[in-house]
Amino acid sequence: MDFNESTTKINLARSFSAECQAGARYQFISKIALSDSQKFLSDTMKTLAKNEMAHAKVFYDYIIEKSAGKSKNIGIEAGYPFESPELKTSLNSSAETELSEAKNIYPSFAKIAYDEGFDDIGKSFEMVARVEETHYEILDYLSKLYKSGNMYKRKIPTKWKCSLCGYVENAKNGFKECPLCKAPQGFIIIDIEKEDTK
C-alpha cells in the first residue's frame, strides 16, 4: 500500500500529536508537583514527559521516512485530554489516558499498520503500547499513594533515600525532613520498581 494513502500515516500523525501533548501535560504536572515540594513526583513526571517525546520522535521519523517528502501537512481530527491541574486528579486521569493508549489505541493502530503492510510501524506501536502500560502502572500507583496520604508510609520498613544528599533511613514512614540536609519529605525517592505497584 502507498504510505501517503494509508490510514497508518494518519495514525502516526495522531500519535505524534498525542505524545507531544502528553509530554507537555507531564511537564505542567511536574511544575505543579515541584511547587507542592513533591520533588520525587516532579522528577518522575519529567522522566515520563521525556519518554513521551521520544515516542513522538519515533512517529515523526516514520512520517518523514515513509512519505518521501510528500507529507508537508497532515490534517487530523482527534480528541485530546485536558486534565485538572491538581495533583490529586491529574495523576489519576493521566493514568487512565495511558491505559487507554496501551490497551486500545496503540494495539488498534498496530493492527492497521500490519494490515496495510507496515510491519515495522506495527511493531513500534506495540512497543510504545508496552511502555504506556508501564506509565499507567506508575501513575496509578503514585495517584493512589498521593490521594490516600500514604506517599511516604509503608506497612513494613522501607529504605527511604533523600534525592538531594543521599541520606538513607530504613523505617515504615519516610522522614518528614531529611535529618542530614533538611530537604522536605517530597525529596525522598520512591523505588517504584521494587514496590508492588499492581
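The values are calculated or read from the model by the stated rules, or taken from the named source; none is laboratory data. Because the structure is predicted, anything quoted here is derived from the model rather than measured. Note that each Cβ is placed from the backbone with ideal geometry, even for glycine, and that neighbours are counted across all protein chains shown.
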- Query: Of the conditions (1) assigned to a helix (DSSP H, G or I); (2) modelled with pLDDT under 95, Ile192 fails just one. Which one is it?
  - Reply: (1)
- Considering Cys165, Cys178, which residue is of a type outside the set (D, E, K, R), buried (at least 17 other Cβ atoms within 10 Å of the Cβ) and not assigned by TED's automatic domain parsing to the domain that holds Phe40? Cys178
- Sole residue being touching an Asp or Glu at 6+ places or on another chain (Cβ under 7 Å), of a type in the set (Asp, Glu) and more than 18 Å from Tyr62 (Cα to Cα), chosen from Glu137, Glu98, Glu133, Glu83: Glu98
- Query: Among (1) surrounded by fewer than 20 Cβ atoms within 10 Å (Cβ to Cβ); (2) within 23 Å of Leu145 (Cα to Cα), which single condition is Leu41 missing?
  - Reply: (1)
- Hey, can you tell me all the residues within the stretch 93-121 that are touching a Lys or Arg at 6+ places or on another chain (Cβ under 8 Å) and free of Cβ contacts under 8 Å to residues at least 24 places away in the same chain? Ala110
- Note on the structure: With criteria (1) in the same structural domain as Asp36 (by TED's automatic domain parsing); (2) surrounded by fewer than 16 Cβ atoms within 10 Å (Cβ to Cβ), Glu126 comes up short on (2)
- Filter result for the condition that a residue is modelled with pLDDT of 95 or more, among the hydroxyl-bearing types (Ser, Thr, Tyr) and not in a loop (DSSP other than H, G, I, E, B), over Ser100, Ser93: Ser100
- Task: Scan (1) out of contact with any helix residue (DSSP H, G or I) (no Cβ under 6 Å at 6 or more places or on another chain); (2) in contact (Cβ under 8 Å) with a residue 40 or more places away in the chain for the single condition Ile74 breaks and write down its number.
- Result: (1)
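Does the stretch 77-86 include one or more residues that are part of a helix (DSSP H, G or I) and in contact (Cβ under 8 Å) with a residue 24 or more places away in the chain?
no
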- Looking for whichever is in contact with a Leu (Cβ under 7 Å, 6 or more places away or on another chain), aromatic (Phe, Trp, Tyr) and surrounded by 15 or more Cβ atoms within 10 Å (Cβ to Cβ) here; the options are Tyr141, Tyr114, Tyr136, Tyr152. Which one fits? Tyr136
- Message: Taking the criterion of being assigned by TED's automatic domain parsing to the domain that holds Glu132, exposed (fewer than 12 other Cβ atoms within 10 Å of the Cβ), out of contact with any helix residue (DSSP H, G or I) (no Cβ under 6 Å at 6 or more places or on another chain) and modelled with pLDDT under 90, would at least one residue in the stretch 62-71 satisfy it?
- Response: yes
